[in-house]
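Scroll down for the structure; my scribbles are underneath it.
Just so you know, all these numbers are worked out from the coordinates, no wet-lab data involved. These numbers were taken from a predicted model, which means no experiment stands behind them. All Cβ positions, glycine included, derive from the backbone under ideal geometry; neighbour counts span all protein chains shown.
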Amino acid sequence: MPVGYRVAVDVGGTFTDFVVTGPGGELAAFKVPSTPKAPEQAVLGGLRMLTGAGPAPVPPTEVTFLGHGTTVATNAVIERTGGPAGLLITEGFGDLLEIGRQMRPSLYDLLADKPEPLVEREFVWEVPERVAADGSVVRPLDREGVRRGLARLRSLGVRSVAICFLNAHANPEHERAAAKIAREEYPELHLSVSHELLAEFREFERLSSVVLNAYLSTAMGEYLDRLAAGVAREGIRTGIHLAHSAGGLLTLQRCLHRPAATLLSGPAAALVAAASAAAGVLEGPGPADPPATDLVTLDMGGTSADVGLVRDGRPAVTTARKVAGWPCLFPMLDIETVGAGGGSVAWVDAGGLLKVGPRSAGAEPGPAAYGRGGEEPTVTDADVVLGRLGPEGLAAGRVSLDPERARRAVWDRVARRLGLSLEEAAWGVLKVAGATMESAVRLMTIERGLDPRDFSLVAFGGAGPLHAVALARALGMPRVIVPRDPGTFSAQGLLAARVRTDAVKTLLLTLEPDRWGRGAAARRVLECAAALAEEVAGVLEEEGIPPRSAEVRTVLDLRYEGQNHEIRVALGRLGSEDDIARAVRLFHRRHHELNGYRLERAPVEVVNVRVEGTGRLPGSGLPRARRTPAPASAGAAAPRSRPVYFGPGYGWLTTPVVGREALEPGRWHSGPLVVSEPDATTLVPPGARVRLVADGGWAGSLVIEPGVGEGVGGGGGGDGDG
């Protein structure tokens, strides 16, 4: 297929980012304000700008790829705007959503609230049937009971139904029969059937995941229908690919069946971009670099800050996340999100303590400095007060900044209430936000036995490069990398992502010591892996990836017999008994790394077999060529210098302001320095130095050595002058 224009759109809480590469590899990137109440409007408005405005409009018929990262699924769960959804469940288990696990949100708080169930009790229908843990039928399926339940749910206006029967992972025949009845008699219903989505054990987690999928079906379906219709009206004929929470892509049609697979859509794409860029090697003077494949990522946008981890060039994947308090078994990249974005609101609590977030001013009305009616101070307002953000504004000048409004908001809501000067109050806001981000990095590294000093910090998003050096200083990280076009880095990840699909099967088989790869259990593992690989290859072929281009990876969830938690061991294709023996050896080593001991003579249990299938689309990869002007005005020109406040130890310093293109590649430039770009601002404080990488995987990126000095992280830096 010829590669024409490839377009990526990432919708954030404040801005919607666009990146487009042309047939020659040229890059254009720009932002438009998000429209939270109707996210597709910002997407379609940006596409109209791209195809109909500016000096070089993109012909709609020559767009051959349209990738999309969305927050619709996440917001629908958090804001409870999905559903209504119904549930068919085994008789006697109708209260499972309310009961959940024995563990409480707060162990010693007997009054702690659990999240409200996503399916109201009147929409739960118990079906007479029962399958034992070994898959044997204890009680046959009552088909008339299924029909009565479906009729009842349909009469209540339900348009989406989850079917989750006990032990369906071991024997799915009852679920198959119930789904067949529903599809024949109520074809308009959207069905989420547990064994089709997640053939895993642990009843509550599987139920929660399937209910999440059903709850999102209506909201995501309506959104995608509006988006697809609007894209077609713009004359774009290519299909839409959505960002998968596990870092891949799935087609719009497949997303309609698995909307819960997009719960971490936008942040996942950013981690893919970082992993793709990590293929290059950092060069230049200075101490020996840590591996360029080991990264901590900081994606700081308008609403939140997302922290991720890349080890050995691969983002970590988990199936143990919670979304709005609900377990979700769908594969997701391991990302920690905290309420410390540029739009996070600063406030003083009843006890006189300064807090930042988690509430955000969002795109409407936005920070006070935007001049759109917002009166509450935010992290962005604190940056404006301290001169870190200047009159050139944001998003290539599309968003102007009003310093007086920012000063008034910080003074009225923070400084005056705490008896602080304006500078002290704004600095305090940044200190609190920095401490929140620092705790997220510590959670992803130190609390997992990893030393953040062994990682490079990759900072992007509109606000990430502004706060990255302070965070690196607080954690002792040796290096900050700010990629090219950092404000649209997540969207760039959509251009590098591969089509992805996953399959899983619970086995619960025990491998005996000294015979890890031998015997009936090992053969059963191999048979299961082969069947899942065939299933995954078939799905990829349906999504346009021919079998010869598909890449398949097997992951085994292993544990010592008697344990209640598993460790994931990733392999290539699982093709022989020797592969199983190798997986067990890796499990022993990883168990020792995480827990400090290994039991090499103990039986090892294969809990789940997982198969991940990926395929590369034509022309995929991070943009490498020069950047062309965005299809809009460039906004106000940045001044050559401005006063910037660097904390009590430095005070206000006249700081040069330069564009990235003004930096000579390979040469170190000492702080203080502000690097201003159309989509982000990078702050290089006193004591730090920066250079522009000339080539390799990070070509065009800024590399900053933080040095020592005053920071705004929770434990960072001293008061020295660097």
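Over the chain, how many pairs of lysines fall under 30 Å by alpha carbon, counting only those 8 or more apart in sequence or from different chains?
Summing the qualifying lysine pairs gives 13.
Excluding Leu224 itself, calculate the net charge of residues whose Cβ lies under 13 Å from the Cβ of Leu224, where each Lys or Arg counts +1 and each Asp or Glu counts -1. The partial results should precede the final answer.
Details: positive: Arg226, Arg254, Arg258; negative: Glu40, Glu222, Asp225.
Counting the neighbours of Leu224, the net charge comes to 0.
For Tyr108 and Arg417 in the same chain, what is the full-extension length gain: residue separation times 0.36 nm, less their Cα-Cα distance, in nm?
107.8 nm
Want the number for Ile446 to Arg176: 0.36 nm per residue separation, take away the alpha-carbon distance, what's left?
92.7 nm
So which GluC sites (Glu not before Pro) in region 567-616 are both in a DSSP loop and have at most 15 other Cβ atoms within 10 Å of their Cβ?
For GluC sites (Glu not before Pro) across region 567-616 that sit outside H, G, I, E and B with at most 15 neighbouring Cβ atoms in 10 Å, the list reads Glu600.
Computed FRET efficiency, Cβ-Cβ of Glu185 and Glu551, R0 30 Å: what is it to the nearest 0.05?
Working from the Cβ atoms, E equals 0.15.
Given the convex hull over the Cα atoms of region 499-615, what projected area results after averaging over all orientations, in nm²?
Dividing the Cα hull surface by four gives the mean projection, 6.9 nm².
Run the paramagnetic zone check for Arg226: 7 angstrom along Cα to Cβ, then residues of region 19-51 with backbone nitrogen under 12 Å.
35-44
If you average the sequence gap of Cα pairs under 8 Å that are 6 or more apart and divide by the length of the chain, what percent do you get for the contact order?
Computed value for the chain: 14 percent relative contact order.
For the chain, what is the calculated [θ] at 222 nm in deg cm²/dmol (nearest 500), taking -39500 (n - 2.57) for each run of four or more DSSP H residues and dividing by its residue count? Before the final figure, lay out the partial values.
Numbers: 16 runs with 206 residues, N = 722.
Theoretical 222 nm ellipticity from helices: -9000 deg cm²/dmol.
Between Glu122 and Ala699, take the C-beta separation as r, use R0 = 51 Å, and let me know the FRET efficiency to the nearest 0.05.
Calculated value: 0.30.
So the label point goes 7 Å from the Cα of Arg148 along Cα→C-beta, right? Which residues of region 74-106 then have their backbone N under 16 Å from it?
Under 16 Å, as judged by backbone N against the label point of Arg148, lie 88-94 of region 74-106.
Which Rg and Dmax, in Å, describe the Cα atoms of the chain?
My reading of the Cα-based Rg and Dmax gives 26.2, 79 Å.
Figure the gain on full extension for Thr510 and Thr251 (residue separation times 0.36 nm, minus the Cα-Cα span) and round it to one decimal in nm.
89.5 nm
Quick one: net charge around Val504, please, counting Lys, Arg +1 and Asp, Glu -1 for every other residue with C-beta under 14 Å from its C-beta.
Net charge in that neighbourhood comes out at 0.
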